[in-house]
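*Asks:* Below: one structure in structure tokens.
The values are calculated or read from the model by the stated rules, or taken from the named source; none is laboratory data. Just so you know, these numbers come straight off a predicted model, no measurement behind them. Methodologically, a virtual Cβ is constructed for each residue, glycine included, from the backbone with ideal geometry; neighbour enumeration extends over all protein chains shown.
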4 protein chains.
Amino acid sequence: MDVEIVERKGKGHPDSLIDGASEAVSLGLCEYYLGHFGSILHHNVDKGIIVGGKSAPKFGGGSIISPIYIMVAGRATELVPYQGRQVEVPVEEIARKSIREFIKGTMRFLDPDEHMVIDTKIKQGSPDLIAVFMRKGAMPVSNDTSIGVGYAPLTPTEDLVLGTEKLLNSTGFKKKYPEVGEDVKVMAMRRGRKVEMTVAAAMVSSKTPDASHYISVIKDVSEHLEKLASGTSLDVNFKLNAGDNYKHGEFYLTVTGTSAEQGDDGNTGRGNRVNGLISPMRQYSMEATAGKNPVNHTGKILNALSVLTAREIVKKVPSVKESYVRILSRIGNPIDEPLIASAAVVLNDGGKISAVRGEIESIMNDSLENIRRVTNMILEKKIELF
Amino acid sequence: MDVEIVERKGKGHPDSLIDGASEAVSLGLCEYYLGHFGSILHHNVDKGIIVGGKSAPKFGGGSIISPIYIMVAGRATELVPYQGRQVEVPVEEIARKSIREFIKGTMRFLDPDEHMVIDTKIKQGSPDLIAVFMRKGAMPVSNDTSIGVGYAPLTPTEDLVLGTEKLLNSTGFKKKYPEVGEDVKVMAMRRGRKVEMTVAAAMVSSKTPDASHYISVIKDVSEHLEKLASGTSLDVNFKLNAGDNYKHGEFYLTVTGTSAEQGDDGNTGRGNRVNGLISPMRQYSMEATAGKNPVNHTGKILNALSVLTAREIVKKVPSVKESYVRILSRIGNPIDEPLIASAAVVLNDGGKISAVRGEIESIMNDSLENIRRVTNMILEKKIELF
Amino acid sequence: MDVEIVERKGKGHPDSLIDGASEAVSLGLCEYYLGHFGSILHHNVDKGIIVGGKSAPKFGGGSIISPIYIMVAGRATELVPYQGRQVEVPVEEIARKSIREFIKGTMRFLDPDEHMVIDTKIKQGSPDLIAVFMRKGAMPVSNDTSIGVGYAPLTPTEDLVLGTEKLLNSTGFKKKYPEVGEDVKVMAMRRGRKVEMTVAAAMVSSKTPDASHYISVIKDVSEHLEKLASGTSLDVNFKLNAGDNYKHGEFYLTVTGTSAEQGDDGNTGRGNRVNGLISPMRQYSMEATAGKNPVNHTGKILNALSVLTAREIVKKVPSVKESYVRILSRIGNPIDEPLIASAAVVLNDGGKISAVRGEIESIMNDSLENIRRVTNMILEKKIELF
Amino acid sequence: MDVEIVERKGKGHPDSLIDGASEAVSLGLCEYYLGHFGSILHHNVDKGIIVGGKSAPKFGGGSIISPIYIMVAGRATELVPYQGRQVEVPVEEIARKSIREFIKGTMRFLDPDEHMVIDTKIKQGSPDLIAVFMRKGAMPVSNDTSIGVGYAPLTPTEDLVLGTEKLLNSTGFKKKYPEVGEDVKVMAMRRGRKVEMTVAAAMVSSKTPDASHYISVIKDVSEHLEKLASGTSLDVNFKLNAGDNYKHGEFYLTVTGTSAEQGDDGNTGRGNRVNGLISPMRQYSMEATAGKNPVNHTGKILNALSVLTAREIVKKVPSVKESYVRILSRIGNPIDEPLIASAAVVLNDGGKISAVRGEIESIMNDSLENIRRVTNMILEKKIELF
């Protein structure tokens, strides 16, 4: 590719917050269902919206004027026929608690109780589905016809975009620069070796006493980023908070560390894809993964599995330079029996496809046989979904 | 491509309804702004959610138990400094009215007043942007760095998927088969020449007196679809409402013609792409087009322009078999000065790239020069956006 | 009484609109329950709120900027065990439809679909209560310990206040003066024979082309009111729309005929008492009658019965000048077996209590024996409740 | 009076909670306005609603299934022209924070963040009113024609009703019996000397390990109440949680200490009057006091002043046995210049009206002259309003 565009919405970006809220509700439900009934029951909460609030940040302080509104919607099992009686699941309370805890665990300066209105519109799912979910041991049956898409490795530009956000949101960096909020948006445009990298980082007003402090942090952070880029083969030009205009007194200042406090909105499923990026020039799936149940929702599981499998191929088969995995489920089939599962690879110079075919097929088969491992990885948060 | 998957969500599908609602609000605002101030003013209402209701359809009738909730969110200019005073724009009323009229114009049996709760959370956009929008004559400046992606022509499978939904939702067909609701979802999986085509059409209970009537309509419609497919080079196997189980009394019956009445939810920007399809194996943009302003939101304009240009190239340059257009805007640049605009083509046998390069470049240049034509086409609804 | 204060909130006043909405929902539920199950089932929707919108009225037109929000809350039976199965009642749809139709039937220029957001928060009532309500023939059992208070006749001031609003909202008057909105608030202060009467009538902007038209209607209406007062023994001074200031361009102009369009809010149960008035110097009950079920909610039934009985006593016993009735229910008792039922009377000169005691007791007994007649009167809207 | 009915809704009763929320918002606004602008600015938030949730209490624990919804509505000054610029007031945040802190300060086991959805619908009040409120020193002008009503002393039954709730909600009692929730409803019916006293106290499930513990607490509390009553001249029969049926396993058990967790709703202004009681047989005002601004809203100030003045008269004039005060404001008059202010008294045997007239008049005059003291008492929470 001559030209490449790559974007990552950081963990405090409105689209990431609402993805995170949907996923937190799914995980909260999973935990409750497992704890009370021994099985994860049917749910799908992959719809949601965050509507920005209004704020008045100022150096050294500032305040929230109107709260951020966040709502997760979907279906979940509320009434469970269990051991001879109908047991009621506190879906709304689980959802609200999960969202609150997700926010508390993700954002340092956004208080879900003080700065947000948390709403849920989760309705009872179809009762027919309960029995299906409670059948122990059996392989779950795909709930939809969906396609999973994955590739590996990332391009150097993708790696850099991901790495940039990860750095700025790492624990160590936050300790050193608490001024930098969690809403970090990174966008790269590459032509040949030249990359223009635009980074927008919401700065936290209470940690930034004045303009000169702000400017000095921006300078420091820019240096860190340049250092990060210097380790790559790319020729990178960073712009950090390019919208600022110091003379006109324009700074990217927030009270809470996210632009959602002042008007930026978001919808579930519109942020990063399952590899953490939006790479519009590569193949990807439109499916939202956040909020779907990790048991039989192939829109979630197969996207995760495809990425994992593509990485596995690259890792285990030395002559493979790039791998692309596509898996297509069929509604009603067991999830380990997809309609199509295919891998395409680019080999290193001198590699021969005949020499690697067997190994790749075996990795693909393995992946599918162990598909339920993906459910566990999702439950244990061992795979990032957005 | 050996394998192809193509999907179209019909105009009554929950994701299409919420896309339509966002776009209707944008168009309603455009009309108001133009009428009162001579310019379209800043707005962006590309976030939204529809939360399914609860219904009890039955042959010959049935009723809605809980309404469908629909909400459009975003920003719009509410206070306009105009002719020496601050003029207030009734944004909320425009939005509500636009949504109601969109539903009335789209759905025959879904009454926005009786069956829906319409909500809006549209806040005042940044006042700085007003002046920019009121500058007459000047080329608008791109509000974001976005990529537009388009290709032409559609594959036979894509054509068939689009054609299937268009047929079932055509005026003539609805007159003949009023039983078929607007929520028609079409999904095709092609391997070689074989296509499995799954069509799910919500049937309208009040128009379907009994099971035998239902079954006979399904049979008739299936025949129409087979006839449609017989004109193609594909070997198509249709399944219409495959989830039905007549023996168990399971039919896809709805009161209003959309699955949103009974639990299906939707988010703006998660439905069809700008060519009316979801083709996960081809290149496309994640951007929501619905609800963005058609003046300077390149996430909307460039996706439309790319599709139009790709079509133009195929139409005007006989030796071009396939064309792919990509245009990349840069925030702050005039929208007719993108960072990158490129076309890739596949030629018919014997075609030579040198022979068509000039013509293609001229079409590309023309397209960009006349980019504001896209704004007008959007306003006049001459281009479908989802 | 030397001093008297009397108020009536007209049928378009925010507090009356929300009372009306609560009562409409109760009546809608009654009709549905009766039609489907042969009995009125448990419900209580006597809580509600109306939050004013925002409008821009102007002579000859104007528009609504933000809609009025209205919400009715409470409990209702949603699942009915009937003829061997669980039947679901579309409570939310009944509620929404009832509110819409109430508004359409009450207000000429307020369109519930265009100008209002209608919300409901009605939850499933206790299932234990269903059986109680389905027991045919049996006398219902009081659901609370409540007191009903009634008196008759009205004082001349009360009569005049009631008559003023009734006149301004009568069909004939509206035909003649369509400019006068339904939100008419009448307040009287009497000292001796002198009454200061303040009437605030929301004028409808679309029917009022200009200021001179407005002023002439105010003048005409004032004359009608003076004529009405001239038939009384009181010395009345009317002030119609006293807040107007013609010189400063201040008029009481509305688009819809109610002040709720521009910021005036209301709560169920805070408007007129069961005799249509607020007379803070006389005895009355704090209970909201609107929205309570008319079968066993003594807070509603006994207030209505007390007023009816007091009127009956004055009508049938010529020597009684004034009568005061108080009935106190006891939770768990049949509603026709109150804990206390007492009547106090003022006799005309020369009357003797011994001569009327028997007659009064017999009227009281009759009233209680026929207490279920009150339920029917409420269902047939033969008694005004606020 | 031969017959007397008196009720008190305890501080955790749904109607008290929503009154408390409205008043907390008013106080929060007052504090902010005073702190930032030196004056209390216009506001009126005397409308509100609380919609009960859903819970599953059980001995020793239990959980909330659906949260309680609470909403305060009204008007408040949001934009203040101050020192040459428009200053924005974070009304929504002040409101939300005030409600949360009110709940935390009132209820031990109801967590506003975990168990409640807090909503506000407070709109910008009329800008004309700002200047009026900022005029320093001047006596505020009455914003409405309202009547204040007060009497003293309480009857023994009233005293007992008030004392009962105060005892059960006292700090000492809560320490001893943490099982007793804040939602205590007391109702007394007196005939002659006999009083039937019904007390309903929501018991807290987490503090009540089992049925026998519940029963023993009820027994203990009953003894405390009997002891309280034994100090009066009344012959009182207490019923504590009379709806319980131990054999059928029916207990008044709650997770949070309020019936609002399970379906009980409330509206601002429908609970206790300004003396803390609902005494339907005595004179009182329909006006909601909670949420009205304490500067010029005579519906609040005059009710408080009337009660204070009536108490003062009884206290300072030994021969006065009972006093009744009524004050009527006139819209547009300074609040210390009411239209009517009258006191009626009942003297002890042998008392002479001529001997006390002067003293009473002087108390009345004093009260009115110092009317602004009431504003301060409200701000300092030195007067209970409901």
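*Asks:* Within segment C:73-107, how many residues turn out to be closer than 22 Å to C:Thr268 by Cα, more than 13 Å from chain B (Cβ to nearest Cβ) and either assigned to a helix (DSSP H, G or I) or not charged (D, E, K, R) (or both)?
*Replies:* Of the residues in that region, 7 qualify.
*Asks:* With respect to the numbered conditions (1) buried (at least 22 other Cβ atoms within 10 Å of the Cβ); (2) out of contact with any Pro (no Cβ under 8 Å at 6 or more places or on another chain), which one is the sole condition not fulfilled by A:Gly137?
*Replies:* (1)
*Asks:* Six or more apart or on different chains, Cβ under 6 Å: which pairs go from a residue in segment A:139-154 that's more than 14 Å from every other protein chain (Cβ to nearest Cβ) to one that's crowded, with 22+ Cβ neighbours inside 10 Å and in a loop (DSSP other than H, G, I, E, B)? Could you list them?
*Replies:* A:Pro140/A:Val295; A:Pro140/A:Asn296; A:Pro140/A:Ile335
*Asks:* Based on this model, can you work out whether B:Glu165 counts as loosely packed, with under 15 Cβ neighbours inside 10 Å, in contact (Cβ under 8 Å) with a residue 12 or more places away in the chain, closer than 30 Å to B:Thr256 by Cβ and not aromatic (Phe, Trp, Tyr)?
*Replies:* In short, no.
*Asks:* So for segment A:19-36 (the condition being surrounded by 24 or more Cβ atoms within 10 Å (Cβ to Cβ) and either without any contact (Cβ under 8 Å) to a residue 40 or more places away in the chain or over 29 Å from B:Gly53 (Cβ atoms) (or both)), does at least one residue qualify?
*Replies:* Checked segment A:19-36: no residue is surrounded by 24 or more Cβ atoms within 10 Å (Cβ to Cβ) and either without any contact (Cβ under 8 Å) to a residue 40 or more places away in the chain or over 29 Å from B:Gly53 (Cβ atoms) (or both).
*Asks:* Something else about it: Mind listing whichever residues of segment D:2-55 are of a type in the set (S, T, N, Q) and either closer than 21 Å to C:Tyr69 by Cβ or modelled with pLDDT of 95 or more (or both)?
*Replies:* D:Ser16, D:Ser22, D:Ser26, D:Asn44, D:Ser55 - these are the residues of segment D:2-55 that are of a type in the set (S, T, N, Q) and either closer than 21 Å to C:Tyr69 by Cβ or modelled with pLDDT of 95 or more (or both).
*Asks:* I've got another one for you. Go through (1) at pLDDT below 95; (2) under 30 Å from B:Ser98 (Cβ atoms) for C:Ile64 and report which single condition fails.
*Replies:* That leaves (1) as the condition not met.
Yes/no per residue for (1) surrounded by fewer than 23 Cβ atoms within 10 Å (Cβ to Cβ); (2) among the β-branched types (Val, Ile, Thr):
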position	(1), (2)
B:Phe238	yes, no
B:Asn245	yes, no
B:Tyr252	yes, no
B:Gln262	no, no
B:Gly266	no, no
B:Met286	yes, no
B:Ile301	no, yes
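*Asks:* Just wondering, is there one or more residues in segment D:114-128 that are more than 10 Å from every other protein chain (Cβ to nearest Cβ), crowded, with 21+ Cβ neighbours inside 10 Å and of a type outside the set (D, E, K, R)? Explain how you work it out, then say what you get.
*Replies:* Applying the first criterion (more than 10 Å from every other protein chain (Cβ to nearest Cβ)) to segment D:114-128 yields D:127.
With crowded, with 21+ Cβ neighbours inside 10 Å added as a condition, the list becomes none.
No.
*Asks:* Is it the case, given these coordinates, that C:Glu359 is part of a helix (DSSP H, G or I) and away from every other protein chain (no Cβ under 14 Å)?
*Replies:* Answer is yes for this residue.
*Asks:* Among the numbered criteria (1) over 16 Å from A:Gly257 (Cβ atoms); (2) more than 11 Å from every other protein chain (Cβ to nearest Cβ); (3) touching a helix residue (DSSP H, G or I) at 6+ places or on another chain (Cβ under 6 Å), which single criterion is violated by A:Pro57?
*Replies:* (1)
*Asks:* Then there's this: Do we find a residue being in a strand (DSSP E or B), under 26 Å from D:Ile68 (Cβ atoms) and not assigned by TED's automatic domain parsing to the domain that holds D:Ile278 anywhere in segment D:122-142? Quick ask: steps written out before the conclusion?
*Replies:* At the first step, the residues of segment D:122-142 found to be in a strand (DSSP E or B) are D:122-124, D:141.
Checking which are under 26 Å from D:Ile68 (Cβ atoms) leaves us with D:122-123.
Filter once more, so that each one left must be not assigned by TED's automatic domain parsing to the domain that holds D:Ile278: D:122-123.
Checked against the condition, which is being in a strand (DSSP E or B), under 26 Å from D:Ile68 (Cβ atoms) and not assigned by TED's automatic domain parsing to the domain that holds D:Ile278, segment D:122-142 yields at least one hit.
*Asks:* Can you spot a residue in segment D:316-334 that is part of a helix (DSSP H, G or I) and either more than 12 Å from chain C (Cβ to nearest Cβ) or at pLDDT below 95 (or both)? If you could, list the steps in order and put the result at the bottom.
*Replies:* Step one: filter segment D:316-334 for residues part of a helix (DSSP H, G or I), giving D:316.
When the remaining residues are screened for being either more than 12 Å from chain C (Cβ to nearest Cβ) or at pLDDT below 95 (or both), the result is D:316.
Within segment D:316-334, one or more residues are part of a helix (DSSP H, G or I) and either more than 12 Å from chain C (Cβ to nearest Cβ) or at pLDDT below 95 (or both).
*Asks:* Oh, and also: Out of the residues in segment C:266-309 that are in a helix (DSSP H, G or I), within 12 Å of chain D (Cβ to nearest Cβ) and under 18 Å from C:Leu27 (Cβ atoms), state the one that is modelled with the lowest pLDDT. Talk me through it step by step, then tell me what you get.
*Replies:* Residues of segment C:266-309 that are in a helix (DSSP H, G or I), as a first pass: C:298-309.
From what is left, the residues that are within 12 Å of chain D (Cβ to nearest Cβ) are C:299, C:302-303, C:306.
Then drop every residue that is not under 18 Å from C:Leu27 (Cβ atoms), which leaves C:299, C:303.
Details: C:Gly299: 93, C:Asn303: 96.
Per the stated criteria, the residue is C:Gly299.
*Asks:* Identify, from the list C:Asn237, C:Asn245, the residue that is modelled with pLDDT under 95 and farther than 27 Å from D:Gly48 by Cα.
*Replies:* On the way: C:Asn237 fails: modelled with pLDDT under 95.
On inspection, the qualifying residue turns out to be C:Asn245.
*Asks:* Could you please let me know if D:Ser306 is closer than 26 Å to D:Lys174 by Cα and more than 15 Å from the chain's Cα centre (by Cα)?
*Replies:* Against the criterion (closer than 26 Å to D:Lys174 by Cα and more than 15 Å from the chain's Cα centre (by Cα)), D:Ser306 does not qualify.
*Asks:* I would also like to ask the following. Which numbered condition trips up C:Lys352, out of (1) over 22 Å from C:Leu34 (Cα atoms); (2) buried (at least 24 other Cβ atoms within 10 Å of the Cβ)?
*Replies:* Of (1) over 22 Å from C:Leu34 (Cα atoms); (2) buried (at least 24 other Cβ atoms within 10 Å of the Cβ), only one is false for C:Lys352: (2).
*Asks:* Output the number of the condition that A:Ser146 fails; it satisfies all remaining conditions of (1) modelled with pLDDT of 95 or more; (2) closer than 30 Å to A:Val91 by Cβ.
*Replies:* Only one criterion in (1) modelled with pLDDT of 95 or more; (2) closer than 30 Å to A:Val91 by Cβ is unmet by A:Ser146, namely (1).
*Asks:* For C:Gly192, state whether it is crowded, with 16+ Cβ neighbours inside 10 Å, within 14 Å of chain D (Cβ to nearest Cβ) and either over 18 Å from C:Lys219 (Cα atoms) or among the basic types (Lys, Arg) (or both).
*Replies:* The answer is no for C:Gly192.
*Asks:* Which one of these does B:Pro209 not meet: (1) under 21 Å from the mean Cα position of the chain (by Cα); (2) more than 14 Å from chain C (Cβ to nearest Cβ)?
*Replies:* Among (1) under 21 Å from the mean Cα position of the chain (by Cα); (2) more than 14 Å from chain C (Cβ to nearest Cβ), B:Pro209 violates only (1).
*Asks:* What single numbered condition from (1) in contact with a Phe, Trp or Tyr (Cβ under 9 Å, 6 or more places away or on another chain); (2) surrounded by fewer than 24 Cβ atoms within 10 Å (Cβ to Cβ); (3) more than 29 Å from A:Leu154 (Cα to Cα) fails to hold for A:Thr256?
*Replies:* Exception for A:Thr256: condition (2).
*Asks:* Then there is this: Kindly provide the set of residues from segment C:204-222 that are in contact with a helix residue (DSSP H, G or I) (Cβ under 8 Å, 6 or more places away or on another chain) and closer than 27 Å to C:Thr232 by Cα, ordered by number. Quick ask: steps written out before the conclusion?
*Replies:* Let us first name the residues in segment C:204-222 that are in contact with a helix residue (DSSP H, G or I) (Cβ under 8 Å, 6 or more places away or on another chain), namely C:208, C:221.
Within segment C:204-222, C:Val221 is the sole residue that qualifies.
*Asks:* Within segment D:37-54, how many residues are more than 14 Å from chain A (Cβ to nearest Cβ) and either part of a strand (DSSP E or B) or hydroxyl-bearing (Ser, Thr, Tyr) (or both)?
*Replies:* Within segment D:37-54, residues that are more than 14 Å from chain A (Cβ to nearest Cβ) and either part of a strand (DSSP E or B) or hydroxyl-bearing (Ser, Thr, Tyr) (or both) number 9.
*Asks:* For segment C:2-36, give me each residue that is within 11 Å of chain D (Cβ to nearest Cβ) and more than 20 Å from the chain's Cα centre (by Cα).
*Replies:* C:Asp2, C:Val3, C:Glu4
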